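Colleague: Right, I'll just put the structure down here and ask away after.
The values are calculated or read from the model by the stated rules, or taken from the named source; none is laboratory data. Everything numeric here is computed off the predicted structure, so don't read it as measured data. Cβ: placed from backbone, ideal geometry, glycine included. Neighbour counts: every protein chain shown. Just so you know, the surface numbers come from the protein's heavy atoms only, side chains and all, with ligands and any DNA or RNA stripped out. Shrake-Rupley method; radii C 1.70, N 1.55, O 1.52, S 1.80 Å.
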Amino acid sequence: MTAFDLLYTRHWPGMYQAAFYLLRDQDACMDIIQDIFAWLWEKREQLDIQAVPSYLRSAVRFKVANYIRSGKVREEFYAALAGLSLPETPGPQDFMELNDLKSIIGQVISNLPEKCREIFLLSRDGQLTNQQIADLLNISIKTVEAQKTIALKRIRAAVDPHLLALLLLPVVTHYS
């Protein structure tokens, strides 16, 4: 048995169960899980996954979130979600997901063009006003505003796919 077969055999049932609890649609869940494993196979050379169960749980949440976002979910899902009583205190998984989100944001910031990153960090970490940044760097206030807008758009683009998944986190972890 290959490593991929072992990975599939070991994790498929739990992934399916988590997706099915949320969607209650056997065909959609099968498609989602198969998509995840197909993607893993295609990207196997480039991926460096440290915590397989956590990574696969996240993949299920993201795929389910995308499925929900596409509008293919039935109204029963929303009714069931509204009726759930979930713990109010964050658990270890919540902190792990928050750290993942921080890591994504940090990576986006580190990949910004140098001047854009500098302006963004002066604004966020240094808590300088646009005028203070413009004076410090000897640039126009419009340039500061434009660079901050670029940085925020890139961060938003990287974070948006994860937001719905983060909202679903308590539901998935509660039933997986």
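Colleague: For the range 104-134, which positions are open to solvent by 50 Å² or more (accessible area, probe 1.4 Å), farther than 30 Å from residue 58 by Cα and assigned to a helix (DSSP H, G or I)? Working first, answer last.
Modeller: Applying the first criterion (open to solvent by 50 Å² or more (accessible area, probe 1.4 Å)) to the range 104-134 yields 105, 107, 110-111, 113-115, 117-118, 121, 124-125, 127-129, 131-132.
Adding the requirement that they be farther than 30 Å from residue 58 by Cα leaves 114-115, 118, 127-129, 131-132.
Residues satisfying the conditions are 114, 115, 118, 131, 132.
Colleague: Open to solvent by less than 90 Å² (accessible area, probe 1.4 Å), in a helix (DSSP H, G or I), within 26 Å of residue 100 (Cβ to Cβ) and among the β-branched types (Val, Ile, Thr) - does that describe any residue in the range 135-142?
Modeller: We begin by selecting, within the range 135-142, every residue open to solvent by less than 90 Å² (accessible area, probe 1.4 Å); these are 137, 139-141.
Filter once more, keeping what is in a helix (DSSP H, G or I): 137, 141.
Adding the requirement that they be within 26 Å of residue 100 (Cβ to Cβ) leaves none.
Looking for residues that are open to solvent by less than 90 Å² (accessible area, probe 1.4 Å), in a helix (DSSP H, G or I), within 26 Å of residue 100 (Cβ to Cβ) and among the β-branched types (Val, Ile, Thr), one finds none in the range 135-142, hence no.
Colleague: In addition: Taking the range 23-48 as the search range and keeping residues that are assigned to a loop (DSSP other than H, G, I, E, B) and of a type outside the set (A, V, I, L, M, F, W, C), which one is nearest to residue 6 (Cα to Cα)? I'd like the intermediate steps shown before the answer.
Modeller: Keep residues of the range 23-48 that are assigned to a loop (DSSP other than H, G, I, E, B), which gives 24-25, 43-48.
Pick out the ones that are also of a type outside the set (A, V, I, L, M, F, W, C) and you get 24-25, 43-46, 48.
Numbers: 24: 26, 25: 26, 43: 17, 44: 14, 45: 17, 46: 19, 48: 17 Å.
Among those residues, the one meeting the criterion is 44.
Colleague: I would also like to ask the following. From the list 4, 62, which one is within 24 Å of residue 160 (Cβ to Cβ) and part of a helix (DSSP H, G or I)? Before the answer, list the steps.
Modeller: Working: 4 fails: within 24 Å of residue 160 (Cβ to Cβ).
Criteria check complete, one pass: 62.
This table checks each residue for (1) open to solvent by 70 Å² or more (accessible area, probe 1.4 Å); (2) at pLDDT 85 or above; (3) of a type outside the set (D, E, K, R).
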residue	(1), (2), (3)
3	yes, no, yes
17	yes, yes, yes
25	no, no, no
29	no, yes, yes
41	yes, yes, yes
46	yes, no, yes
52	no, no, yes
59	no, yes, yes
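Colleague: Quick one: is residue 143 in contact with a Leu (Cβ under 9 Å, 6 or more places away or on another chain) and of a type outside the set (Asp, Glu)?
Modeller: Working: in contact with a Leu (Cβ under 9 Å, 6 or more places away or on another chain): yes; of a type outside the set (Asp, Glu): yes.
Spelling it out, residue 143 is indeed in contact with a Leu (Cβ under 9 Å, 6 or more places away or on another chain) and of a type outside the set (Asp, Glu).
Colleague: Determine whether residue 71 is open to solvent by less than 90 Å² (accessible area, probe 1.4 Å), at pLDDT below 65 and not acidic (Asp, Glu).
Modeller: On the way: open to solvent by less than 90 Å² (accessible area, probe 1.4 Å): yes; at pLDDT below 65: no; not acidic (Asp, Glu): yes.
No.
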